[in-house]
Amino acid sequence: MNIQSIAIRPAGMGDYLTLLDMQARAMRQLARDLYTQQEIDCFLNRIGTLESVLLEDGHYWVVLADGAIAASGGWSLRRPGYARREVGGAPAEESALPKIRSVSVDPVHARQGLGRMMMERVEAEILAAGHAEAEVVATLNSVPFYAALGYRPARPVVLDLGAGVHFTGLAMSKTLAPDCRLAA
């Protein structure tokens, strides 16, 4: 697909339903080789792809391709809602380490650099907020994407979705800049 114009802007609550739809389509198409249909359905129905509080916090953006939402992503210090379903216990309520959250690309625009563009924005915002590291819990299909951006595997994350269904991801982390670059 030939994109004529690209813009990045903060996401607003008016984008929420469009984002949920785009992210569900992305998961169904881009993750289907590594997750079963049941795992994807349970994840979407019991956890979802995006917590509205991320939009309210002001650290969530969208990439517009020819005026339509084509990618999204953000970060937060909040404990992700899915953490309560983590097998073996959930992390602390909040962390000093920013968590990259809900990065997604419309499958129509997959592999066109929009995910990388979104991550450049997210990482720049994390650095601007005074943080030198970030972490992400990657879906298995997105592990190669994050690895190509310099994220290192930390530990597997297994979510209990009920009815014997588990959803596995991989916690990954990255040093964004040496601490000396953040000193003012």
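Confirm whether ARG84 is assigned to a helix (DSSP H, G or I), among the charged types (D, E, K, R) and at pLDDT below 95. Considered against the rule, which asks whether it is assigned to a helix (DSSP H, G or I), among the charged types (D, E, K, R) and at pLDDT below 95, ARG84 comes out as yes.
The rows are residues; the columns are (1) loosely packed, with under 14 Cβ neighbours inside 10 Å; (2) without any contact (Cβ under 8 Å) to a residue 12 or more places away in the chain; (3) within 21 Å of TYR60 (Cα to Cα).
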position: ALA96; (1), (2), (3): yes, no, yes
position: ILE100; (1), (2), (3): no, no, yes
position: LEU140; (1), (2), (3): no, no, no
position: LEU161; (1), (2), (3): no, no, no
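Filtered by the rule that a residue be within 14 Å of the chain's Cα centre (by Cα) and small (Gly, Ala, Ser), region 12-51 gives ALA24, ALA26, ALA31, GLY48. Within region 39-58, can one find any residue that is charged (D, E, K, R), at pLDDT 95 or above and in a helix (DSSP H, G or I)? Within region 39-58, one or more residues are charged (D, E, K, R), at pLDDT 95 or above and in a helix (DSSP H, G or I).
Of all residues in region 5-36, those satisfying the criterion of being under 15 Å from ILE69 (Cβ atoms), surrounded by 14 or more Cβ atoms within 10 Å (Cβ to Cβ) and either modelled with pLDDT under 95 or not aromatic (Phe, Trp, Tyr) (or both) are ILE6, ILE8, ALA11, ASP15, THR18, LEU19, LEU20, MET22, GLN23, ALA24, ARG25, ALA26. For region 61-78, the criterion of being within 20 Å of ILE3 (Cα to Cα), of a type outside the set (A, V, I, L, M, F, W, C), at pLDDT 90 or above and out of contact with any strand residue (DSSP E or B) (no Cβ under 7 Å at 6 or more places or on another chain) is satisfied by at least one residue.
For first residues located in region 113-130 and among the acidic types (Asp, Glu), partners that are assigned to a loop (DSSP other than H, G, I, E, B) and surrounded by 14 or more Cβ atoms within 10 Å (Cβ to Cβ) and lie 6+ apart or on another chain with Cβ distances below 8 Å form the pairs GLU123/LEU176; GLU125/HIS59. A residue that is crowded, with 19+ Cβ neighbours inside 10 Å, of a type in the set (A, V, I, L, M), assigned to a strand (DSSP E or B) and touching a strand residue (DSSP E or B) at 6+ places or on another chain (Cβ under 7 Å) occurs nowhere in region 111-126.
The values are calculated or read from the model by the stated rules, or taken from the named source; none is laboratory data. These numbers were taken from a predicted model, which means no experiment stands behind them. Neighbour counts are summed over all protein chains in view; Cβ atoms, including those assigned to glycine, are modelled from backbone coordinates with ideal geometry.
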